Amino acid sequence: MIGRRRKKNFIFIRVKFVFGLGVREMEQLEEAIELHIDLDWETPLCVQYWEAVLVVCEWELAEARKREAMEKARVR
């Protein structure tokens, strides 16, 4: 039970860096994650992890793009 809790906390901490970045930073992060997926292809668990982080990154990137578009529209 304790080991499981540690794993969940570790994953939460590792994914926490995704939140609050700008569009440019998120795009760079997305490229870096895809690179990690390519590099870790021999380890299925690592690939699953990076794919999960990529899903979060893509969602956050979409949200950041929406916020940026709303800010640009508000300025006009």
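Every read-out reported here was derived from the displayed coordinates using simple, explicitly stated rules and does not represent laboratory data. All values derive from a computational prediction rather than experimental measurement. Cβ placement follows ideal geometry from the backbone for every residue including glycine, while neighbour counts extend to all protein chains displayed.
Computed from label points 7 Å out along Cα-Cβ, the spacing between Val75 and Glu42 is 4.8 nm.
3J(HN,Hα) along the stretch 41-46: 4, 7, 10, x, 5, 5 Hz, from the Karplus curve 6.51 cos²θ - 1.76 cosθ + 1.60 with θ = phi - 60°, whole Hz, x for Gly and Pro.
Both the radius of gyration and Dmax for the stretch 20-75 are 13.7, 48 Å, in that order, over alpha-carbon atoms.
Quick one: Arg65, Arg24, fewest Cβ neighbours within 10 Å first, how do they rank? Could you put the intermediate results ahead of the total?
On the way: Arg65 13, Arg24 10.
Final ranking by Cβ density, sparse to dense: Arg24, Arg65.
Only Cα pairs under 8 Å and 6+ residues apart enter the sum, and on that basis the relative contact order of the stretch 20-75 stands at 44 percent.
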